[in-house]
Structures are given as C-alpha cells and as structure tokens.
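Heads up, the thing below is written out as structure tokens.
The values are calculated or read from the model by the stated rules, or taken from the named source; none is laboratory data. For clarity, every value in this text was computed on a predicted model and none was experimentally measured. All Cβ positions, even for glycine, are placed from backbone atoms using ideal geometry, and neighbour counts span all protein chains on display. Each accessible area value is taken on the protein alone, full model and side chains, heavy atoms only, with ligands, DNA and RNA left out. Shrake-Rupley method; radii C 1.70, N 1.55, O 1.52, S 1.80 Å.
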Amino acid sequence: MQHINATEITTSLPARLAYLQSFLQFDPEVDGGLVHACKPVLGPLVNGIVDAVYDHLLKYDITATVFTKPQAHGQAPTSLDELGESENLKVRKDFLKGYLIRLASNTDWTPSSNFWTYLDGVGKAHTGGVGDQSGLKHRKNKPPLWVDYRDINLLLGWVENAVTDVVMGVESLDLETRVKILKALNKFWWIQNDLFARHYIDEGGPTANGEGDNTENMSRS
C-alpha cells in the first residue's frame, strides 16, 4: 500500500499531480503522447469547437449571465440581449482557444510540468483569483472572476463529449487507436476537473493530516 500525505497533496502541486496520475493510471509519456497526437485533428477544428462551446453556454441564462460581468477589455454587456459578439465574449473565446491549443501542443506531462501549473491557475482564476493570486498574467488588473463549480463541471462533461465525437469521427485512425486516445483524454479531463475542484472545496476534513481514525464510523455504516 502506497502512503499518500494528505497535507502534501494539498500544498504541493507536483505531489498532487503524482498522486492523480498514479490513481488514474495516467502515464505521462504514453497517455500524454496520445493526447499530443490529437493536435493534427483538433488544431483545424479549434475555432469550431470554441464557437460550439459558447453557443451552448448562451443557451442558458444561468451560464450566460457570467459574461455580463466586467471581465475583459471594454464595456461589459449590461443584459443578456446585448451579449452577441461583445468584446467580453471575444476575449473569453480567445482564452478558450489558447487553452485548447496549449492542451494539444503540450509535450511535458510529468507532475512537475509548467503545463499543470497553468491549468491549476485556470482553476484558481475562476474562483476570484487575480494577478499573482491566479498565476495567470492575463488576469492581472482584471476584476475578480467567479464561476460556480456546478457549471464548470457541466462544461467539462460537455466538452469531453464533443471531443469524443471528433476523435471517433477520424476514419484515418483505427478503432484501437481511437479508443486509446479517448481513454487518455478521459484521464486528462478528470485531472483537469480536480484542478478546478480543489479551489472550490475544503479538503481539511478530520483525517486530512493523517490524524484521527474513522474505522469506528465506517463500521457503523
């Protein structure tokens, strides 16, 4: 049985990634290589994927409302009817486009990779992190951004389904290769999900530091 220090995986991002990758059996070289192999497929489709994501987000007022808040350059729309192709929405689309390109272009998937630091900053930025607090330069001097985790989780699920359709539609790849790519991507989405969730939830439970024994409570359930 491998010992995992609960405090360390909360405070050290590389330690957390090592645990996540081990648990999900994400091999940085094999699975990372499979994700990187998607670049020729996803690259030409990035603009279409981004448009589809935001078209979907604008179908619901609860997710569209986020874009009426001042987050980008220029004047934010004051109502949902004014969203359209506002500067606020354009900047958010550009960020998502950059995220997808960086995902498909990444070659270092080891726990200490700066890529994970970037993704962790993306998660932190959505919980009000600004400037150095999120680690993302584009958030500097911007108003705090808050997006409910519920909608983050839903969007990741929706994007996963969309990318699955894309990969399964690549006839030049044999079925075994497509399945391997999808399994690698699935592991990645769950790691990405954790790098969002960790900034929303409190992991400081009674056994977080290895203290306490919940055996008695488990025996009662």
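Considered as a group, the residues in the range 11-57 that are part of a loop (DSSP other than H, G, I, E, B) and in contact with a Phe, Trp or Tyr (Cβ under 8 Å, 6 or more places away or on another chain) include one that is least open to solvent (accessible area, probe 1.4 Å), and that residue is PHE26. Test GLY157 against the stated conditions and say whether it is within 26 Å of ALA18 (Cβ to Cβ) and modelled with pLDDT under 85. No.
Residue pairs, Cβ under 9 Å, 6 or more apart or interchain, first in the range 91-106 and in contact (Cβ under 8 Å) with a residue 60 or more places away in the chain, second open to solvent by less than 40 Å² (accessible area, probe 1.4 Å) and part of a loop (DSSP other than H, G, I, E, B). List them. Once the first residue is in contact (Cβ under 8 Å) with a residue 60 or more places away in the chain and sits in the range 91-106, its partners that are open to solvent by less than 40 Å² (accessible area, probe 1.4 Å) and part of a loop (DSSP other than H, G, I, E, B) give LEU103/CYS38; ALA104/CYS38; ASN106/SER113. Which members of the range 1-10 meet the condition of being assigned to a loop (DSSP other than H, G, I, E, B) and either touching a residue at least 40 places away in the same chain (Cβ under 8 Å) or closer than 23 Å to GLU160 by Cβ (or both)? If the condition is that a residue be assigned to a loop (DSSP other than H, G, I, E, B) and either touching a residue at least 40 places away in the same chain (Cβ under 8 Å) or closer than 23 Å to GLU160 by Cβ (or both), then ASN5, ALA6, THR7 are the ones that fit.
Does THR177 meet the test of being within 18 Å of GLU29 (Cα to Cα), without any contact (Cβ under 8 Å) to a residue 60 or more places away in the chain and hydroxyl-bearing (Ser, Thr, Tyr)? So THR177 fits the description; yes.
Quick one: in the range 88-100, which of the residues that are open to solvent by 60 Å² or more (accessible area, probe 1.4 Å) and farther than 16 Å from ALA162 by Cα is nearest to the chain's Cα centre (by Cα)? Let's see the steps before the verdict.
Going residue by residue through the range 88-100, those that are open to solvent by 60 Å² or more (accessible area, probe 1.4 Å) are 90, 94, 97.
Right, trim to farther than 16 Å from ALA162 by Cα and you get 90, 94.
On the way: LYS90: 20, ASP94: 16 Å.
Residue satisfying both the conditions and the ranking: ASP94.
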